Amino acid sequence: MRVGTHAGYDRIVFEFIEDGTPEFRIEAAEPPFSMDPSGMPMAVNGSAFLQIVFNGGTKVGEDGSPTYTGPTEFGPGFDQLVDLIERGDFEAINNWYVGMAGEGCLRAFVLSDPSRIAIDLEH
């Protein structure tokens, strides 16, 4: 899991330890935001928002041990990417909220070796 900024776009990268990538979708989101599965309210900074949902993209191994122990909240304050916060990881469904500086184009693509999903947010 990492974020970075480049000329013309900010990038979010989800990297996976197994070959292949989980099924995923990216959709517009609007406040109020809540944690999964508790439903507790959560704050996401920005003026436009996305939700990223990974089906089978959990960060918990089959034996219950964590496969990712890095940060689950990024507040980079880039030109477009303002906030990235994990909504939850429950029943093999992992959710993230993206807070952006404004509406804009995005592009998502799958890369291999290692398996990862990259999401570019245009400035």
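The values are calculated or read from the model by the stated rules, or taken from the named source; none is laboratory data. Predicted model only: the values in this text are computed from it and were never measured. All Cβ positions, glycine included, derive from the backbone under ideal geometry; neighbour counts span all protein chains shown.
A compact table of results
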| read-out | value |
| --- | --- |
| Residues of segment 24-43 satisfying the condition of being in contact (Cβ under 8 Å) with a residue 12 or more places away in the chain, more than 12 Å from the chain's Cα centre (by Cα) and either within 18 Å of Ile119 (Cβ to Cβ) or not in a loop (DSSP other than H, G, I, E, B) (or both) | Ala28, Ala29, Phe33, Ser34, Met42 |
| Tabulated pairs, segment 44-68, first without any contact (Cβ under 8 Å) to a residue 12 or more places away in the chain, second among the polar types (S, T, N, Q), C-beta under 7 angstrom, 6+ apart or interchain | Gly61/Thr67 |
| Pairs, first closer than 20 Å to Val60 by Cα in segment 8-19, second part of a loop (DSSP other than H, G, I, E, B) and aliphatic (A, V, I, L, M), C-beta under 9 Å, six or more apart | Val13/Met1; Phe14/Met1; Glu15/Met1 |
| Among (1) more than 21 Å from Arg107 (Cα to Cα); (2) at pLDDT 95 or above; (3) among the hydrophobic types (A, V, I, L, M, F, W, C), the one test that Ile17 misses | (2) |
| Flag for Asp79 being in a strand (DSSP E or B), of a type in the set (D, E, K, R), in contact (Cβ under 8 Å) with a residue 40 or more places away in the chain and surrounded by 11 or more Cβ atoms within 10 Å (Cβ to Cβ) | no |
| Residues of segment 92-111 satisfying the condition of being outside any strand (DSSP E or B) and either crowded, with 18+ Cβ neighbours inside 10 Å or touching a residue at least 40 places away in the same chain (Cβ under 8 Å) (or both) | Ala101, Gly102, Glu103, Gly104 |
| Among (1) closer than 24 Å to His123 by Cβ; (2) among the aromatic types (Phe, Trp, Tyr); (3) in a loop (DSSP other than H, G, I, E, B), the one test that Phe14 misses | (3) |
| Within segment 44-66, tally of residues that are assigned to a strand (DSSP E or B), under 15 Å from the mean Cα position of the chain (by Cα) and over 15 Å from Leu84 (Cβ atoms) | 1 |
| Selection count where residues are loosely packed, with under 10 Cβ neighbours inside 10 Å and farther than 18 Å from Phe90 by Cα, scope segment 29-40 | 2 |
